[in-house]
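Written below as structure tokens is the structure these notes are about.
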Amino acid sequence: MRDLRAYGAHAIVTGASSGIGRQFAEQLAAAGMNVVLVARRKDRLDELAAEISGEHGVECRTVALDLLAHGAIDQLSQEVAGLDVGIVVANAGIYYAGPLVDNALADELDVLSLDAAIPLQLAHRFGREFVRRRRGALVLVSSSIAASPVPYEANYAAAKAYVLSLGQALSHEWKKDGVDVLVVSPGPTRTEGLDNAVGIDFSKLGGATMDPAQVARTALDNLGRRVHVIPGLRNKLADVAGKYLLPRSSSVWMYGRIIERALTGGTGGAA
Ligand SMILES: NC(=O)c1ccc[n+]([C@@H]2O[C@H](COP(=O)([O-])OP(=O)(O)OC[C@H]3O[C@@H](n4cnc5c(N)ncnc54)[C@H](OP(=O)(O)O)[C@@H]3O)[C@@H](O)[C@H]2O)c1
């Protein structure tokens with residue numbers, strides 16, 4: 001891994017209270033970065049901050065924030081004003097599976113906001129600063145399912161495809177300014193997010209799940225080297241099949257058949 005401190009002294013990680021985000025925070029701290037931990041569960045963040053600063057001797061701030069609340073990115077900006085922020089990891093995400101019309105529209109709109117609009121806002125707010133000073137890195141967490149439209153995960157897959165497209169385009173825009181962008185597309189990964197997923201039982205899908213530490217490691221190892229990385233051989237092969245080997249219609253059909261097997265019922269609600 002390159003010296004990440006060359007980007008700046010501080011890294012912001014959204015969704016740091018569990019799963020992949022927690023691993024990003026731990027590994028960035030191990031690499032000598034001061035970290036700003038963002039999520040709603042303050043107790044979790046405080047516990048992690050104490051652990052990380054004790055173990056790695058870095059400065060660790062917590063920002064207990066609901067990113068879906070109005071003005072959340074402005075609030076985050078104020079919390080980190082004056083810090084030398086060099087890396088932003090846009091990781092926080094939520095997920096609902098099931099037939100779209102069985103889910104509450106409000107829940108699906110939250111997915112679209114947290115998984116797509118918030119990464120856009122983070123890219124705009126912090127990317128501006130990175131470009132101005134010609135230094136910085138943005139890490140966007142997409143998903144291996146961004147490779148294809150996915151029935152019963154229609155909105156989530158579309159949001160993750162948006163994130164992949166956004167990151168790949170921004171990487172080109174910002175290259176001349178010395179700013180790096182990396183999109184990481186994990187496959188099924190052992191996190192609370194996977195265990196508590198609404199509308200689907202991932203254990204019914206079979207197949208291996210990945211360690212969240214490996215996802216964060218693969219991303220950070222490739223930061224500044226590549227634009228898009230898919231951790232794990234199996235996920236890489238699925239990506240190639242979804243994008244290049246199968247016609248789009250076959251890929252959609254295949255994903256539909258696979259996901260159907262694991263559905264458990266949606267979030268309900270009228271609108
Ligand atoms: N696990 C997988 O199989 C998998 C596969 C592909 C992609 N991904 C992506 O990887 C990312 C991390 O997922 P994960 O599996 O690690 O999930 P996770 O364990 O559920 O973690 C999600 C994180 O997001 C935070 N979060 C949720 N809603 C929030 C809100 N409104 N405001 C602020 N923070 C919020 C949660 O913290 P609080 O609850 O404390 O707010 C938590 O820290 C997501 O973008 C997900 O789509 C995961």
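The values are calculated or read from the model by the stated rules, or taken from the named source; none is laboratory data. Worth saying up front: this structure is predicted, and the values here are computed from it rather than measured. Note that we place each Cβ from the backbone using ideal geometry, even for glycine, and neighbour counts take in every protein chain shown. With ligands, DNA and RNA removed, areas are computed over all heavy atoms of the protein, side chains included. Shrake-Rupley method; radii C 1.70, N 1.55, O 1.52, S 1.80 Å.
Computed with a 1.4 Å probe over protein heavy atoms only, the accessible surface of the stretch 4-260 comes to 44 Å² per residue.
On the beta carbon distance between Glu260 and Arg2, with R0 = 41 Å, the FRET formula returns roughly 0.45. Each Cα pair under 8 Å and six or more residues apart adds its separation to the average, and for the chain the resulting relative contact order is 21 percent. The stretch 148-225: percent of C-alpha pairs farther apart than 22 Å? Here the tail beyond 22 Å accounts for 37 percent of pairs. Only protein atoms count toward the accessible area here, which uses a 1.4 Å probe; on the chain, the carbon and sulfur part of that area reaches 52 percent. Can you tell me the 0 to 90 degree angle between the C-alpha axis of helix 42-56 and the longest principal axis of the chain, rounded to 10? So the helix axis and the longest Cα principal axis differ by about 50 degrees.
Just report the Cα centroid separation between the stretch 192-233 and the stretch 17-52, whole Å. The stretch 192-233 and the stretch 17-52 have Cα centres separated by 18 Å. Considering the stretch 4-260, its Cα convex hull presents a mean projected area of 13.0 nm². With respect to the chain, whose longest principal axis is taken over its alpha-carbon atoms, helix 154-175 is tilted by about 40°. On the basis of the beta-carbon distance and an R0 of 51 Å, Asp46 and Ala241 show a calculated FRET efficiency of 0.75. In the chain, the longest principal axis of the Cα atoms and the axis of helix 248-260 are about 90 degrees apart. Summing charges over all other residues whose Cβ lies under 12 Å from the Cβ of Glu153, with Lys and Arg as +1 and Asp and Glu as -1, gives -2. Per residue, the average separation of C-alpha pairs within less than 8 Å and at least 6 apart gives the stretch 22-138 a relative contact order of 22 percent.
When peptides 48-60, 134-146 are ranked by their average number of other Cβ atoms within 10 Å per residue, the highest-first order is 134-146, 48-60.
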